[in-house]
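Here the structure comes first, spelled out in structure tokens, and everything after it is commentary.
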Protein chains: 2
Amino acid sequence: MKHSKVIDLLNSTKTLHEVTAKGWVRTFRNNQFIALNDGSTIHNIQCVVDFENTPDETLKRITTGAAICVTGTLAESRGAGQKVEIQVTKLEILGDSDAEKFPMQPKKHSLEFLRENAHLRVRTNAFGAIMRVRSTLAFAVHQYFQEKGFFYVNTPIITGSDAEGAGEMFQVTSLPIDGSAPRNEDGSINYKEDFFGKQTNLTVSGQLEGETFAMALGQIYTFGPTFRAENSNTSRHLAEFWMIEPEVAFNDLADNMDLAEDFIKYVIKYTVDKCGDDLKFLEARLLEEEKSKPQADRSEMTLLEKLSFVLDNNFKRVSYTEAIDILKDSTPNKKKKFQYIINEWGADLQSEHERFLVEKHFKCPVILFDYPAKIKAFYMRLNDNTEPGKETVRAMDILFPGIGEIVGGSQREERYDVLVEKMKALGIDEEELWWYLDTRRFGSAVHSGFGLGFERLVLFVTGMGNIRDVIPFPRTPQNAEF
Amino acid sequence: MKHSKVIDLLNSTKTLHEVTAKGWVRTFRNNQFIALNDGSTIHNIQCVVDFENTPDETLKRITTGAAICVTGTLAESRGAGQKVEIQVTKLEILGDSDAEKFPMQPKKHSLEFLRENAHLRVRTNAFGAIMRVRSTLAFAVHQYFQEKGFFYVNTPIITGSDAEGAGEMFQVTSLPIDGSAPRNEDGSINYKEDFFGKQTNLTVSGQLEGETFAMALGQIYTFGPTFRAENSNTSRHLAEFWMIEPEVAFNDLADNMDLAEDFIKYVIKYTVDKCGDDLKFLEARLLEEEKSKPQADRSEMTLLEKLSFVLDNNFKRVSYTEAIDILKDSTPNKKKKFQYIINEWGADLQSEHERFLVEKHFKCPVILFDYPAKIKAFYMRLNDNTEPGKETVRAMDILFPGIGEIVGGSQREERYDVLVEKMKALGIDEEELWWYLDTRRFGSAVHSGFGLGFERLVLFVTGMGNIRDVIPFPRTPQNAEF
């Protein structure tokens with residue numbers, strides 16, 4: 001008999017027919033009640049075993065983690081906590097799980113322990129919920145852009161460019177790294193002998209390639225892995241993470257902010273609508289976790305309240321210049337509570353300043369824009385009519401409570417001459433980016449885009465505290481297990 | 001005035017109102033008719049310029065590739081070839097394009113020339129169509145699996161495992177490769193000093209990690225980049241390509257075949273429904289291309305006929321053993337026309353044999369299954385009750401006309417002891433795959449999955465002949481430009 005998914009059985013409006021279910025035992029109480037989970041939902045289905053007519057041998061093998069197949073009658077449940085249950089007539093052990101050895105015991109495990117067992121943690125309620133939410137968010141990303149007529153573009157992962165400057169890169173090679181690689185006459189590595197005939201790295205961003213496609217297809221987005229070889233052992237950084245990068249021809253910075261805000265709200269709403277049960281569980285988990293914190297450090301809102309708040313309120317749009325004024329006048333700045341005191345216009349904002357603006361001052365998501373040119377990337381559009389020494393670019397960062405920067409974007413410099421001059425000043429090789437400059441040589445136009453770190457979004461939506469807990473197998477310094 | 005997309009203007013049922021459009025000039029005829037394209041569709045909108053009242057200066061700048069903004073009245077067209085046109089009242093040049101220098105001239109370019117200009121080729125009709133089709137196919141992949149309750153899993157790109165054995169791997173490192181990397185006492189590279197504290201590579205498959213998730217969430221799929229450091233300069237191989245890998249708990253090989261066939265048909269049907277105009281263009285392109293071939297080498301079916309044929313017919317399921325019998329008896333085998341003559345059971349099938357089966361013998365997609373164990377991977381389920389020396393595994397490959405292998409999959413070996421024995425025999429390190437073996441230690445069950453090379457699917461659906469033409473920026477030996 002073909003088996004049914006647990007989610008379908010739990011949602012079934014018909015009862016008293018024979019069903020088969022397959023899944024993993026979460027708990028087995030009183031030699032009678034199996035809580036069976038198959039990953040289709042956070043909820044288990046209760047399977048009632050006729051223990052008097054089941055061999056002891058079999059009962060002993062119904063342990064946490066065991067894979068089983070049950071057949072029986074789907075019936076209204078007499079117990080509390082579930083509408084329906086399976087009154088088991090036939091039970092088969094598909095795969096045993098040694099109760100002593102199975103690491104995912106039915107008790108609370110530390111997140112650190114679970115990270116060390118990333119291949120099994122997804123069998124827990126919390127990680128099952130996180131990974132279902134992640135999957136739903138990812139689909140919402142695609143659906144949003146496709147509905148709006150954007151085209152999905154797979155920009156390259158291995159790149160010969162290192163000009164983008166978004167961060168330290170990993171090298172990719174098929175040469176031996178023990179010193180035996182072929183050399184040029186001057187003693188340097190002969191990269192003509194490497195697989196791609198040149199030195200190559202893992203991409204830090206698909207933006208530059210994405211721009212070339214936006215200047216042909218109009219509206220595009222990427223959604224793929226990106227990499228940073230930075231030794232940042234923080235709860236917000238990964239060496240390998242997924243990024244979403246839309247790019248739109250003819251969009252200016254205001255259009256770009258509109259797009260980013262609309263996009264974020266859409267994917268959160270979609271996920272709140274689809275993943276209610278998982279989010280309710282994660283909300284309760286967070287409340288429980290926060291009980292161990294001092295009152296002052298606890299969230300003012302529950303997880304679902306926080307998500308609703310983002311959906312129901314406009315993101316506050318604040319220029320960098322306004323933000324500096326606010327920060328200069330702020331109590332932590334005056335009382336020198338900030339590690340980096342804000343004295344003057346031009347200062348780069350640190351995480352502490354961003355958090356102050358978002359969490360204390362505005363108490364909502366904030367879009368900061370028009371940053372000083374000298375602290376931002378070469379490809380950003382220089383604003384017209386700024387004072388000398390106070391040049392700004394049409395950049396924008398979206399800051400989220402508890403997360404910090406979730407989006408970084410800009411209107412791009414569309415003027416060939418201005419772009420080339422900027423590249424020269426920064427020592428960026430024009431030869432290497434000949435193809436990028438072609439977009440400004442042939443039919444250039446205003447265009448804008450942004451990058452959103454997908455794991456930061458998942459972090460926000462799930463209410464988790466560490467980015468290593470929202471990606472299946474995190475890659476961080478000294479860790480590439482699995 | 002907010003501009004409209006060309007696709008919306010062309011589909012507009014209302015006329016005689018003022019509209020604005022932005023895009024790139026494809027052609028400019030008689031100083032009067034601009035064919036304007038914005039990438040939203042393969043079709044251009046005709047913009048009729050009032051040349052008598054437009055300065056010569058401006059008219060000269062309306063060149064192929066220039067970005068322009070036109071405002072005017074959307075009106076029924078008097079010319080043939082389009083229902084509506086814009087009668088331009090205002091025209092602005094957004095970005096010039098030097099007619100002498102713009103590489104994408106309105107004429108036929110060789111595919112090789114276009115590959116060298118991968119950043120601009122998407123501004124041609126053919127590559128615009130290919131990339132829109134690719135995007136639609138990608139979305140169909142997500143929609144299919146999400147509708148069926150599969151969860152999207154991002155398996156790691158950087159991996160510490162090299163046991164999967166699907167092919168040569170690229171090394172990823174943050175160590176210097178010039179011989180100055182830190183050493184152990186025995187002279188070997190001290191990988192503890194590398195970023196991840198161990199030697200790491202780019203993944204060749206997310207299957208093993210995917211299996212761990214399937215054994216928790218039930219039904220999962222991956223869709224991400226995978227890599228092969230193989231020096232294969234063919235029209236069917238890329239060093240970096242995107243792969244889709246579903247994995248389903250409790251599915252056996254027959255379920256796996258059903259899933260693969262249903263999936264492929266769904267995504268092709270979705271794309272045929274959504275991308276009719278692009279596919280019609282690609283069909284005509286293919287017919288044109290084939291005119292230069294001898295009659296015998298031309299396709300019997302047009303592109304859309306070929307796609308319909310796949311949708312309307314069952315894939316032929318043939319065991320390896322049957323296939324060998326067919327091949328042994330075949331004319332090219334008897335006449336020694338095959339490069340590799342099939343003499344006996346156990347031979348690995350070459351591309352020439354696969355093509356014979358698909359294109360000459362069955363003339364439809366073929367699923368070959370139950371391959372000899374010794375020519376397949378360690379994780380495949382050994383069939384019960386086979387003759388000694390004739391052990392087979394529950395593997396399946398889907399072969400497509402013109403493409404060859406498009407899917408490779410199997411039921412996985414779920415029995416711990418059998419799996420460990422197989423690994424030992426093949427010298428695969430159990431220690432390294434401890435986490436993979438855990439899926440068989442704790443609650444193991446029958447499960448199956450497959451991998452589909454996304455670019456091969458795009459190749460089939462677009463009718464293109466070279467895999468480098470269906471990915472934005474191909475990575476192949478000696479080529480990582482852009």
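Quick look at the numbers
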quantity	calculated
Some residue of segment A:140-153 being free of Cβ contacts under 8 Å to residues at least 12 places away in the same chain and closer than 30 Å to B:Asp38 by Cα	yes
Any hit, segment B:397-410, residues being under 21 Å from B:Asp438 (Cα atoms) and either open to solvent by 50 Å² or more (accessible area, probe 1.4 Å) or in contact (Cβ under 8 Å) with a residue 60 or more places away in the chain (or both)	yes
Qualifying residues in segment A:132-174 (those that are at the interface with chain B (Cβ under 7 Å from one of its Cβ atoms), small (Gly, Ala, Ser) and open to solvent by 10 Å² or more (accessible area, probe 1.4 Å)) - the one farthest from the chain's Cα centre (by Cα)	A:Ser174
Matching entry among A:Arg115, A:Arg121 (being of a type outside the set (A, V, I, L, M) and either more than 20 Å from A:Phe281 (Cα to Cα) or facing another protein chain (nearest Cβ under 9 Å) (or both))	A:Arg121
Any chance A:Ala21 is without any contact (Cβ under 8 Å) to a residue 60 or more places away in the chain and under 37 Å from the mean Cα position of the chain (by Cα)	no
Residue check, B:Glu391 within 14 Å of chain A (Cβ to nearest Cβ), surrounded by fewer than 20 Cβ atoms within 10 Å (Cβ to Cβ) and not hydroxyl-bearing (Ser, Thr, Tyr)	no
Matching residues in segment A:190-218 - criterion: being crowded, with 24+ Cβ neighbours inside 10 Å, among the polar types (S, T, N, Q) and more than 9 Å from chain B (Cβ to nearest Cβ)	A:Thr203, A:Gln207
Matching entry among A:Thr462, A:Thr476, A:Thr439, A:Thr392 (being outside the structural domain of A:Ser135 (by the TED database) and at pLDDT 95 or above)	A:Thr476
Pairs with Cβ under 8 Å, 6+ apart, first in segment B:345-362 and free of Cβ contacts under 8 Å to residues at least 24 places away in the same chain, second polar (S, T, N, Q) and open to solvent by 50 Å² or more (accessible area, probe 1.4 Å)	B:Gln350/B:Gln339; B:Glu352/B:Gln339
Number of positions in segment A:323-360 that are open to solvent by less than 90 Å² (accessible area, probe 1.4 Å) and either touching a Ser or Thr at 6+ places or on another chain (Cβ under 7 Å) or of a type outside the set (Val, Ile, Thr) (or both)	21
Search result, residues across segment A:272-322 that are more than 30 Å from A:Asn343 (Cα to Cα), of a type in the set (Lys, Arg) and out of contact with any Leu (no Cβ under 8 Å at 6 or more places or on another chain)	A:Lys274, A:Arg285, A:Lys291, A:Lys293, A:Arg298, A:Lys306
Filter result for the condition that a residue is over 26 Å from B:Arg132 (Cα atoms), of a type in the set (Gly, Ala, Ser) and modelled with pLDDT of 95 or more, over B:Ser292, B:Ser319	B:Ser319
Filter result (in contact (Cβ under 8 Å) with a residue 40 or more places away in the chain and closer than 18 Å to B:Ile7 by Cα) within segment B:108-133	B:Val122, B:Arg123, B:Asn125, B:Ala126, B:Phe127, B:Gly128, B:Ala129, B:Ile130, B:Met131, B:Arg132, B:Val133
Residue check, A:Glu18 away from chain B (no Cβ under 14 Å) and at pLDDT below 95	no
Scan of segment B:177-189 for residues that are open to solvent by 20 Å² or more (accessible area, probe 1.4 Å) and of a type outside the set (Asp, Glu), ordered by number	B:Gly179, B:Ser180, B:Pro182, B:Arg183, B:Asn184, B:Gly187, B:Ser188
Test: B:Ile177 is over 30 Å from B:Met380 (Cα atoms) and facing chain A (nearest Cβ under 8 Å)	yes
Of the criteria (1) open to solvent by less than 30 Å² (accessible area, probe 1.4 Å); (2) in contact (Cβ under 8 Å) with a residue 12 or more places away in the chain, which one A:Gln105 fails	(1)
Residues being open to solvent by 50 Å² or more (accessible area, probe 1.4 Å) and within 11 Å of chain A (Cβ to nearest Cβ) - total across segment B:224-274	3
Which numbered condition A:Phe378 fails, given (1) in contact (Cβ under 8 Å) with a residue 60 or more places away in the chain; (2) closer than 28 Å to A:Thr234 by Cα; (3) touching a Pro at 6+ places or on another chain (Cβ under 9 Å)	(3)
Hey, B:Thr58 closer than 23 Å to B:Pro103 by Cα, polar (S, T, N, Q) and either part of a loop (DSSP other than H, G, I, E, B) or open to solvent by less than 10 Å² (accessible area, probe 1.4 Å) (or both) or not	no
Qualifying residue in segment A:26-37 (condition: closer than 13 Å to A:Leu91 by Cα, within 11 Å of another protein chain (Cβ to nearest Cβ) and not in a helix (DSSP H, G or I))	no
Close pairs from segment A:415-433: first basic (Lys, Arg), partner surrounded by 12 or more Cβ atoms within 10 Å (Cβ to Cβ) and assigned to a loop (DSSP other than H, G, I, E, B), Cβ under 7 Å, at least 6 apart	A:Lys422/A:Phe378; A:Lys422/A:Glu413
Qualifying positions in segment B:27-40 - open to solvent by 10 Å² or more (accessible area, probe 1.4 Å) and among the β-branched types (Val, Ile, Thr)	B:Thr27
Selected residue [within 14 Å of chain B (Cβ to nearest Cβ), within 28 Å of B:Phe482 (Cβ to Cβ) and among the β-branched types (Val, Ile, Thr)] from A:Val458, A:Val407, A:Val418, A:Val470	A:Val418
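The values are calculated or read from the model by the stated rules, or taken from the named source; none is laboratory data. Remember, predicted model here, so these are calculated numbers, not experimental data. Please note: Cβ atoms are built from the backbone with ideal geometry, for glycine as well, and neighbour counts cover all protein chains shown. Note: areas computed on protein heavy atoms with side chains; ligands, DNA, RNA excluded. Shrake-Rupley method; radii C 1.70, N 1.55, O 1.52, S 1.80 Å.
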